[in-house]
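K.L.:
My questions all concern the structure below.
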Amino acid sequence: MHVSVVLFTSDLRLHDHPPLRAALESADAVVPLFVRDRAVAAAGFDAPNRSAFLADCLTDLDAALRERGGRLVVRSGDLVTEVCRAVTEADADEVHLAAAHSAFAARREDRLRGALEAAGRRLFVHDAVTVAVPPGELTPSSSDHFAVFTPYHRQWEQVRLRAVVGAPRRIHVPDHVRGEPLPVRDDVAGVSPALPRGGEAEGRRRMAAYWRRGLDAYDDTRDDLAADATSRFSAHLHFGTLSPVELVHRARRRDGAGAQALVRQLAWRDFHRQVLAARPGAAHADYRTKRDNWRTRHTAHADIEAWREGRTGYPVVDAAMRQLRHEGWMHNRARLLTASFLAKTLYVDWRIGAAHFLHWLVDGDIANNQLNWQWVAGTGTDTRPNRVLNPVLQAKRYDPDGTYVRRWVPELAGLDTPLLHEPWKLRGPERAALDYPDPVVDLSEGLDRFRRARAAQR
Ligand code: FAD
């Protein structure tokens with residue numbers, strides 16, 4: 001009997017899964033394997049919200065496999081060792097895996113290939129599973145990757161995507177390959193109270209619902225903080241419970257401004273991945289350094305804590321930081337303005353903010369998080385690296401009637417707008433009665449500090 005192993009990583013779905021399709025086509029039996037890689041935990045990347053969401057995803061994947069006559073084999077330990085063990089137990093000839101694009105994933109893949117080849121087995125790595133257009137497929141004439149989004153996007157739009165692959169009907173898994181119990185969401189401590197549910201079934205429900213009720217208005221409503229009208233696909237894309245290729249195909253069939261705008265955001269996702277694949281160091285070091293002399297944990301401790309806790313005295317910043325803790329997710333506009341506030345107005349090292357986001361975000365993703373932080377900090381791919389978002393103007397524009405701030409900062413709920421966005425303007429007993437901090441920084445002083453710092457480095 002010919003057996004293949006399919007190693008699931010950040011592609012936890014059965015629909016549109018080319019590695020699984022290839023394994024089923026070449027083998028009589030397949031071992032669907034997920035390894036809880038201890039290196040991920042050692043790197044601190046198994047934050048509670050993502051661990052809980054992952055538990056949902058694995059439970060759902062196992063259930064979907066069982067409906068088709070199979071099951072998911074889960075193991076823990078060193079990924080390469082565990083895959084090799086499963087291969088030996090199953091007497092498998094080959095392993096199928098989706099390509100991933102961080103330095104960590106590249107090292108892991110190299111080690112796995114070496115170990116399998118030494119044992120006389122083969123590794124097949126499939127592209128366009130976790131991205132629509134793989135890194136390296138598009139390159140400008142002068143470099144190995146695109147450093148600016150607009151020309152990248154122009155070419156990305158022209159790429160002919162592979163066809164969507166249907167979910168399998170039946171899967172035969174050899175009985176004797178052992179697994180361990182699935183992780184359970186409720187066993188994870190420190191999870192956000194309103195963390196969304198994970199899993200492919202949930203992802204597909206969300207996709208269908210958004211197609212019915214959200215997509216057409218996306219372009220008009222995606223910056224409206226209170227409307228909360230974006231897709232919320234991000235965690236499903238991070239864990240691969242939705243396929244980016246399938247999403248792009250479906251959106252293109254729909255057409256209209258909303259669908260086009262969503263496809264453009266999916267291109268941003270691929271853009272950041274091709275930057276990270278070409279410059280893995282950008283996960284930690286400035287992509288385009290401005291030689292900033294950032295404030296740090298030692299020099300800006302109180303400001304950083306106020307930002308983390310949602311007690312900066314700027315209501316829209318505080319609302320967003322509280323949403324992050326409560327839901328494990330934050331609106332894109334809110335990510336932009338809170339990141340700008342930390343890195344530019346408070347002039348704190350972007351890595352400190354990125355680490356806080358990575359701890360809480362259920363969609364926390366090295367490529368998207370680190371490179372968006374760098375974009376905002378002006379050390380990344382933004383062509384206007386010194387722009388600073390003013391949190392009061394942002395609040396008035398994207399939360400004009402204050403609904404978003406009232407939702408997350410209840411101590412200000414009784415204030416009328418626009419005072420709600422500038423509570424420091426209150427005077428006398430009303431101000432004294434408010435249980436809300438004064439601003440940690442004066443906006444014009446923050447702006448001056450940032451401009452002086454950048455000018456000094458020129
Ligand atoms: P939608 O607006 O519905 O967009 C659909 C999809 O497009 C998203 O799910 C996402 O996969 C992709 N997308 C949208 N905007 C971007 C973008 N700017 N860059 C890359 N892809 C994008 N996104 C993450 O997935 N993980 C992160 O860790 C992350 N960290 C961020 C940190 C900062 C400082 C900023 C400014 C943005 C970050 N983003 C991150 C990008 C973006 O904010 C989220 O993808 C988006 O808010 C998720 O909500 P949604 O799925 O409703 O997005």
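The values are calculated or read from the model by the stated rules, or taken from the named source; none is laboratory data. What you see is a predicted model; the values in this text were computed from it and never measured. Positions of Cβ are backbone-derived with ideal geometry, glycine not excepted, and every protein chain shown enters the neighbour counts. Each accessible area value is taken on the protein alone, full model and side chains, heavy atoms only, with ligands, DNA and RNA left out. Shrake-Rupley method; radii C 1.70, N 1.55, O 1.52, S 1.80 Å.
K.L.:
Counting only the backbone N, which residues of the range 376-393 are under 16 Å from the spot 7 Å out from the Cα of Ser444 toward its beta-carbon?
P.N.:
In the range 376-393, the label zone of Ser444 (backbone N under 16 Å from the point 7 Å along Cα→Cβ) covers 390-393.
K.L.:
To continue, here is another question. At 1.4 Å probe size, with every protein chain present, just tell me what the per residue accessible area of the chain comes to in Å². Before the final figure, lay out the partial values.
P.N.:
Details: 19510 Å² over 458 residues.
Heavy-atom accessible area per residue stands at 43 Å².
K.L.:
What percent of all Cα-Cα pairs in the range 111-184 falls in each 5 Å bin, counting up from 0?
P.N.:
3, 10, 12, 12, 15, 15, 12, 8, 8, 4, 1
K.L.:
Next up: At 0.36 nm per residue, and after removing the present C-alpha to C-alpha distance, how many nm does the segment from Glu157 to Ala41 gain when stretched out fully? Write down the numbers at each step before the final one.
P.N.:
On the way: separation 116, 0.36 × 116 = 41.76 nm, distance 3.68 nm.
Here the segment from Glu157 to Ala41 would lengthen by 38.1 nm.
K.L.:
Still on this structure, please answer the following. Counting only protein heavy atoms and using a 1.4 Å probe, what share of the accessible area of the chain belongs to carbon plus sulfur, as a whole percent?
P.N.:
Numbers: 9550 of 19510 Å².
Whole-percent figure for carbon plus sulfur exposure: 49.
K.L.:
Okay, next question. What whole-number distance in Å separates the alpha-carbon centres of the range 66-138 and the range 433-450?
P.N.:
Here the two parts' Cα centres lie 50 Å apart.
K.L.:
For Cα pairs less than 8 Å apart in space and 6+ apart in sequence, what is the mean separation divided by the residue count of the chain, i.e. the relative contact order in percent?
P.N.:
Numbers: 786 pairs, mean separation 79.7, N = 458.
Here the relative contact order equals 17 percent.
K.L.:
Kirkwood hydrodynamic radius, computed over distinct alpha-carbon pairs, for the chain: how many Å, to one decimal? Mind showing how you got there, number by number?
P.N.:
Numbers: mean 1/r = 0.0426 Å⁻¹.
It is 23.5 Å.
K.L.:
Using 0.36 nm per residue, how much length does the chain from Leu419 to Ala455 gain when fully extended, once their Cα-Cα distance is taken away?
P.N.:
Values: separation 36, 0.36 × 36 = 12.96 nm, distance 3.40 nm.
This chain segment gains 9.6 nm when fully extended.
K.L.:
Sequence neighbours fewer than 8 away in the same chain don't count; with that in mind, list the aspartates and glutamates whose C-alpha is under 17 Å from Lys290.
P.N.:
Asp349, Asp382, Asp448
K.L.:
What are the lysines whose alpha-carbon lies under 19 Å from the alpha-carbon of Lys396, with same-chain residues fewer than 8 places away excluded?
P.N.:
Straight-line reach from Lys396, under 19 Å: Lys425.
K.L.:
With an 8 Å Cα cut-off and a minimum separation of 6 or more residues, compute the relative contact order for the range 3-129 in percent.
P.N.:
Values: 180 pairs, mean separation 42.9, N = 127.
Answer for the range 3-129 is 34 percent.
K.L.:
Alpha carbon centre of the range 235-262 versus the range 316-356: separation in Å?
P.N.:
Each part's Cα centre sits 26 Å from the other's.
K.L.:
Now a separate question. How long is the range 3-129 along each principal axis, judged by its Cα atoms, biggest number first, in Å?
P.N.:
So the three principal-axis extents are 37, 35, 28 Å.
K.L.:
Using the eigenvalues of the Cα gyration tensor, what equivalent ellipsoid semi-axes result for the range 301-456 when each is taken as the square root of five times the eigenvalue, whole Å, largest first?
P.N.:
Values: eigenvalues 127, 67, 36 Å².
Square roots of five times the eigenvalues give 25, 18, 13 Å.
K.L.:
Just want to confirm a number: the relative contact order over the range 306-451, from Cα pairs under 8 angstrom separated by 6+ residues, in percent.
P.N.:
Working: 196 pairs, mean separation 42.2, N = 146.
Relative contact order here is 29 percent.
K.L.:
While we're here: Mark the label point 7 Å from the Cα of Glu67 along Cα→Cβ and return the residues of the range 226-241 whose backbone N is within less than 17 Å of it.
P.N.:
Once the point is set 7 Å along Cα→Cβ of Glu67, 241 turn out to lie under 17 Å by backbone N, inside the range 226-241.
K.L.:
I would also like to ask the following. So, by mean Cβ neighbours within 10 angstrom, what's the order for 429-439, 136-146 with the highest one leading?
P.N.:
On the way: 429-439: 11.9, 136-146: 13.5.
Ranked from most to least packed, the peptides come out as 136-146, 429-439.
K.L.:
Can you pull the accessible area of Ser10 for me, 1.4 Å probe, Å² to the nearest 10?
P.N.:
Answer for Ser10: close to 40 Å² accessible.
K.L.:
Between Arg252 and Ala167, what length in nm is gained on full extension when 0.36 nm per residue of separation is reduced by their alpha carbon distance?
P.N.:
Working: separation 85, 0.36 × 85 = 30.60 nm, distance 2.10 nm.
So the extension gain works out to 28.5 nm.
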